[in-house]
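Working notes, beginning with the structure itself.
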Amino acid sequence: MPNLFEPFPFDLQDERGVWDDLIKRFGDLAILRRLGLPARWCSSMVGRQSIEERLGKLSNPTDRRMLISALAPDTGLALDPEPNEKDMLITLQLDDNGGPILDAAGNPQEDERLRLFSPPGFAGPSRKQLYWRFDARA
């Protein structure tokens, strides 16, 4: 019988890295903005259709499920502060190499502004985030 007090054989940092790599590979570089905080770089991707679409019901076509990596792409550390529904997700116009296209002032050009309107969805063991799951609306 296993000892219930031994640590579970799950390497959180390793698994966060796996999800971060997947989101970077199939997603894009983005920015999280919240009133009163500096903008934060993040990696995000569209996760899936909504339940309503899969059931053939009407849904808002601008709604989408977004996955946001728990790791910041510029530092490799956990996003601080953690994203929540007060944030605006800014997708960027990217060049062929995946880097942001800069305007004349040197700022990344925005592609879309997505309002995160749902509380963060948990994806990980015992509330330790591997990635964040949000519903977003253009």
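Read-outs throughout are calculated quantities, based only on the coordinates presented, and are distinct from any laboratory measurement. No experiment lies behind these values; they were computed from the predicted model shown. Backbone-built Cβ (ideal geometry, glycine too); neighbour counts: all protein chains shown.
Under the 0.36 nm per residue contour assumption, what length would be gained going from the current alpha-carbon distance of L37 and N107 to full extension? Present the calculation step by step, with values, prior to reporting the outcome.
Numbers: separation 70, 0.36 × 70 = 25.20 nm, distance 1.76 nm.
Here the segment from L37 to N107 would lengthen by 23.4 nm.
Note on L12 and L77: their simple-model spin labels are 1.6 nm apart, each label 7 Å out from Cα toward Cβ. Across the stretch 97-107, coupling constants 3J(HN,Hα) worked out from phi with the 6.51/-1.76/1.60 Karplus curve, θ = phi - 60°, read 8, x, x, x, 7, 9, 7, 4, 8, x, 8 Hz, and Gly and Pro carry x. Shown in residue order for the stretch 65-74 are the 3J(HN,Hα) couplings computed by the Karplus curve 6.51 cos²θ - 1.76 cosθ + 1.60 at θ = phi - 60°: 8, 10, 9, 10, 4, 6, 9, 6, x, 7 Hz (x for Gly and Pro). Among residues other than M88 with Cβ under 12 Å from its Cβ, the summed charge is +3 (Lys and Arg +1, Asp and Glu -1). Potential lengthening of the chain between R115 and R137 amounts to 7.4 nm, from the contour at 0.36 nm per residue minus the alpha-carbon distance.
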